[in-house]
There are 2 protein chains.
Amino acid sequence: MGGGELVVAVAGATGAVGREMLKTLEGRAFPATTVKALASSRSAGTTVPFAGGELIVEEMTEKSFEGVDIALFSAGGSTSKQFAPFAVKSGCVVIDNSSAWRMDPEVPLVVPEVNPEDVDWHKGIIANPNCSTIQMVVALKPLHDVGKIKRVIVSTYQAVSGTGQKAIAELETQVRQLFNSQEPDVKVYPHQIAFNCLPQIDVFSDGDYTFEEIKMIKETNKIMGDDSIKVTATTVRVPVFYGHSESVNIETEKKITAKEARAILSQAPGVVVYDNPAEKIYPMPLMAGGEDPVFVGRIREDNTIENGLHLWIVADNIRKGAALNAVQIAELLLERGQVRV
Amino acid sequence: MGGGELVVAVAGATGAVGREMLKTLEGRAFPATTVKALASSRSAGTTVPFAGGELIVEEMTEKSFEGVDIALFSAGGSTSKQFAPFAVKSGCVVIDNSSAWRMDPEVPLVVPEVNPEDVDWHKGIIANPNCSTIQMVVALKPLHDVGKIKRVIVSTYQAVSGTGQKAIAELETQVRQLFNSQEPDVKVYPHQIAFNCLPQIDVFSDGDYTFEEIKMIKETNKIMGDDSIKVTATTVRVPVFYGHSESVNIETEKKITAKEARAILSQAPGVVVYDNPAEKIYPMPLMAGGEDPVFVGRIREDNTIENGLHLWIVADNIRKGAALNAVQIAELLLERGQVRV
């Protein structure tokens with residue numbers, strides 16, 4: 001801490017997102033002098049790959065965060081609730097990937113391309129938004145700045161990796177079982193995911209919306225800093241390993257043509273416009289996997305209303321949807337002098 | 001023809017839809033005295049299963065329709081264009097599953113639950129709508145009758161069987177290849193479909209909409225007999241074998257609550273409401289495969305507008321989306337005295 005030292009901990013280092021956080025710290029040459037891998041007692045003593053070598057996973061305890069400057073949490077809401085307060089007490093800034101504090105008015109919810117200035121008012125914890133929300137707001141913000149978005153209707157096509165390693169294994173196992181004429185094991189999801197679509201992500205809540213749908217609605221308003229944007233969502237799990245896709249329909253106050261939208265998005269940070277129908281070029285989860293940007297294509301005017309646009313938005317849900325966004329927040333903390341090396 | 005005889009021909013009998021048409025004629029005990037299986041010269045002499053036995057496939061020629069009362073065509077647009085006029089000249093009524101005549105003002109486009117009366121003005125050809133359109137209008141019509149639909153925004157999740165036998169084989173082959181660390185063969189679709197989503201169905205046209213999207217827009221207006229309904233669509237292929245899913249957002253003139261929508265749809269012909277979130281009950285392609293009804297669930301009010309509703313609509317695209325609807329039209333012809341036994 002200080003004096004040229006920068007200690008970073010990854011809490012939940014053995015999960016799908018935790019592993020990607022380590023890869024991202026390495027890949028972006030994050031200036032950490034020490035990186036600690038933390039997980040539950042079950043994983044303590046195992047190793048995770050980092051920077052050409054391996055890190056030995058330590059058990060996360062109340063004392064794990066002493067001397068740590070930044071902790072990237074991706075260990076589920078209850079673990080965050082339990083350990084983040086100790087991390088904060090040790091003077092560590094927590095960037096939390098769970099939904100535990102996202103809607104807490106005392107906690108900034110940050111997507112660096114959209115609301116970087118919000119890191120400045122943190123009180124020890126900064127929340128990393130839901131994966132589906134992150135990729136959507138990265139594409140919507142530049143359009144909102146030009147035309148003011150009034151309404152958003154989104155339907156998602158979400159990959160199993162959003163649920164974690166177990167779900168990746170479940171899709172793979174189910175496919176193998178089906179191709180060997182066996183009854184597929186259904187454990188992680190309420191129904192078989194192989195060769196199926198599940199119109200349920202997370203549990204059901206008010207008005208029969210799922211929590212995932214409610215997250216997309218509320219988090220979008222908080223990140224964009226504009227409660228006047230009306231958002232509604234239908235979230236669906238599809239048999240894809242990596243990469244969330246979103247069919248997004250927006251209504252703006254000021255007309256934005258498809259051509260203008262392409263030009264605006266081509267200049268936008270974190271966005272790559274991938275939109276050439278004549279050449280069959282459009283974003284797909286298969287091409288977004290392992291990539292940093294949010295890809296936008298199928299940009300079309302929706303003529304059923306005066307100022308309507310369709311967008312097809314795809315990103316790697318584990319990267320930009322989780323690990324990359326968290327590391328970008330950590331970079332912001334350094335850039336904005338919130339954490340000093 | 002007449003005198004107690006009823007001769008039915010299935011043109012394109014060896015395809016995915018043709019085979020299902022034969023199964024449906026049998027399953028619904030359609031009162032045909034003779035069923036002929038027709039296909040291209042390539043398939044002539046092969047057999048297709050029917051009524052516990054087999055039919056020998058005959059080559060389709062200009063003379064194949066002599067003495068035939070009703071011909072169910074599912075052999076692609078160019079074959080329909082080539083042979084249907086000869087069938088009509090022979091006094092046969094053609095029910096055509098291709099897109100060749102769907103938007104022809106001289107040709108009725110019929111979904112029996114929605115516009116049965118339109119069969120009465122046929123001039124020899126009746127068009128069977130696009131699979132994605134059929135299941136949507138079956139669910140929308142009863143709501144339109146009560147609340148008048150002003151706007152429809154649909155995003156689809158379409159199965160490979162909609163493309164035919166070759167696409168079913170391609171998904172299966174690609175999965176096997178990937179699970180054996182081989183490069184997947186990409187032939188039927190422009191990109192790999194296994195573990196991917198393709199936001200392109202059919203070719204691109206005006207305003208960068210695909211033909212599939214344009215079909216959903218125009219056919220909905222024609223079938224519902226109401227051009228004032230504004231429809232927009234994004235159509236996407238997903239790695240599912242059977243069953244199309246649709247995330248549909250509608251705006252009505254008169255308020256319909258979610259509860260009212262459930263009550264209306266529970267009484268609607270051809271619809272099964274499958275909507276109990278507490279028990280994780282909602283429609284999925286896996287459960288719709290091999291079933292006749294259009295399943296509707298995830299019925300929710302969309303509070304971003306005054307009178308908004310979300311629906312999740314799933315049906316077997318080969319059955320209600322094609323073969324069953326065609327056979328139901330044939331049944332209507334008998335019921336309404338258009339064809340006499």
Q: Place a label point 7 angstrom from the Cα of A:Glu54 along the Cα-to-Cβ direction, then list the residues of the range A:29-48 whose backbone nitrogen is under 15 Å away.
A: A:37, A:43-48
Q) For the range A:84-152, which whole-number percentage of the solvent-accessible area (1.4 Å probe, protein heavy atoms only) is attributable to carbon and sulfur atoms? A) 56 percent
Q.
So if I place +1 on the C-beta of Lys and Arg and -1 on the C-beta of Asp and Glu, and nothing else carries charge, what would the dipole magnitude of the range A:52-113 be about its Cα centre? I want it in debye, nearest 20.
A. 180 debye
Q.
Using a Gaussian network model on chain B with a 10 Å cutoff between Cα atoms, which of B:Gly77, B:Gly45, B:Gly53 fluctuates the most?
A. B:Gly53
Q | Size of charge dipole - the range A:129-194 - debye, nearest 20, with Cβ of Lys, Arg +1 and Asp, Glu -1, no other charges | A | 440 debye
Q.
Just to be sure I understand the interface: list residues from the range B:206-245 that lose 20 Å² or more of accessible area between the chain on its own and the complete protein assembly, 1.4 Å probe.
A. B:Asp208, B:Tyr209, B:Lys230, B:Thr232, B:Thr234, B:Val236, B:Pro239, B:Val240, B:Phe241
Q) What accessible area, summed over both chains, is buried at the A-B interface (1.4 Å probe, Å², nearest 100)? A) 5000 Å²
(Q) A 27 angstrom limit on the alpha carbon distance is what I want to check against. Which of A:Lys187/A:Lys222; A:Lys230/A:Lys259; B:Lys123/B:Lys320; A:Lys230/A:Lys320; B:Lys222/B:Lys255; A:Lys123/A:Lys230 exceed it? (A) A:Lys187/A:Lys222; A:Lys123/A:Lys230
Q. Each residue of the range A:189-203 in order: what ³J(HN,Hα) in whole Hz does its phi give by Karplus 6.51 cos²θ - 1.76 cosθ + 1.60, θ = phi - 60°, with x for Gly and Pro?
A. 9, x, 9, 4, 9, 4, 6, 9, 10, 10, x, 9, 10, 6, 8
Q: Give the accessible surface of chain A per residue, rounded to a whole number of Å², with probe radius 1.4 Å and ligands, DNA and RNA excluded.
A: 37 Å²
(Q) As I understand it, the value is the acute angle between the Cα axis of helix A:131-147 and the longest principal axis of the Cα atoms of chain A; what does it come to in degrees, rounded to 10? (A) 50 degrees
Q: Let me know the shape class of chain A, please: from the alpha-carbon gyration tensor, a ≥ b ≥ c as square roots of the eigenvalues, rounded when a/c is under 1.5, otherwise prolate if a/b is greater than b/c, or oblate.
A: oblate
Q. Does the range A:37-100 classify as rounded, prolate or oblate by the C-alpha gyration tensor (a ≥ b ≥ c root eigenvalues; a/c under 1.5 gives rounded; else a/b over b/c gives prolate, otherwise oblate)?
A. prolate
**Q.** Dipole-positive endmost among B:Ala167, B:Val236, B:Thr14 within chain B (Cβ charges, Cα centre)
**A.** B:Val236
**Q.** Percent antiparallel among DSSP beta bridges (both partners in the protein assembly as shown, rounded to 5)
**A.** 50 percent
Q. Measuring from label point to label point, each 7 Å out along Cα→Cβ, what is the B:Glu5 to B:His191 span in nm?
A. 5.4 nm
Q: Any chance you could check the range A:145-161 for residues losing 10 Å² or more of accessible area when the partner protein chains are in, compared with the chain on its own (1.4 Å probe)?
A: A:Arg151, A:Ile153, A:Ser155, A:Tyr157
Q. In whole angstrom, how long is each semi-axis of the equivalent ellipsoid of the protein assembly as shown, when you take the square root of 5 times every eigenvalue of its Cα gyration tensor and sort them from largest down?
A. 52, 26, 21
**Q.** Shape of the range A:143-287, Cα gyration tensor, a/c cut at 1.5
**A.** oblate
Q | Contour minus Cα-Cα distance for B:Asn276 and B:Phe211 (0.36 nm per residue) | A | 19.9 nm
**Q.** Top of B:Ala87, B:Ala233, B:Ala278 by mean-square fluctuation, Gaussian network on chain B, Cα under 10 Å
**A.** B:Ala278
Q: Using a 1.4 Å probe and ignoring any ligands, DNA or RNA, find the accessible area of B:Asp292 and quote it in Å² to the nearest 10.
A: 60 Å²
**Q.** GNM flexibility winner over chain A from A:Glu219, A:Glu62, A:Glu54 (Cα, springs under 10 Å)
**A.** A:Glu54
Q: With a 1.4 Å probe on protein heavy atoms only, tell me which residues of the range A:267-289 lose at least 20 Å² of accessible surface in the complex relative to the chain by itself.
A: A:Pro277, A:Lys280, A:Tyr282, A:Met284, A:Pro285, A:Leu286
Q.
What number do you get for the range A:9-68 when its Cα radius of gyration is normalised by 2.2 N^0.38 Å, N = residues?
A. 1.03
Q: Return the carbon/sulfur percentage of the accessible area of the range B:172-212, one whole number, probe 1.4 Å, all protein chains in place.
A: 43 percent
Q) Against the longest principal axis of chain B, how steep is helix B:211-224, in degrees 0 to 90 to the nearest 10, with axes from Cα atoms? A) 90 degrees
Q) Ignoring ligands, DNA and RNA, what percent of the accessible area of the range B:230-341 is carbon or sulfur (1.4 Å)? A) 46 percent
Q. How many nm is it between the label spots at B:Glu62 and A:Asp226, if each spot is 7 Å from the Cα in line with the beta carbon?
A. 6.4 nm
**Q.** Ellipticity estimate at 222 nm from DSSP helix runs (n ≥ 4, -39,500 (n - 2.57)) divided over chain A, nearest 500
**A.** -8500 deg cm²/dmol
Q.
List the residues, sorted by chain then number, that are 5 or more residues from A:Lys150 or on another chain and whose placed amide H is less than 5 Å from its amide H.
A. A:Glu251, A:Thr252, A:Glu253
Q: Return the percentage of antiparallel bridges among DSSP beta bridges fully within the range A:270-322, rounded to the nearest 5 %.
A: 70 percent
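The values are calculated or read from the model by the stated rules, or taken from the named source; none is laboratory data. Not measured: the values here are computed from a predicted model. All Cβ positions, glycine included, derive from the backbone under ideal geometry; neighbour counts span all protein chains shown. SASA here: full protein model, heavy atoms, side chains in, ligands and nucleic acids out. Shrake-Rupley method; radii C 1.70, N 1.55, O 1.52, S 1.80 Å.
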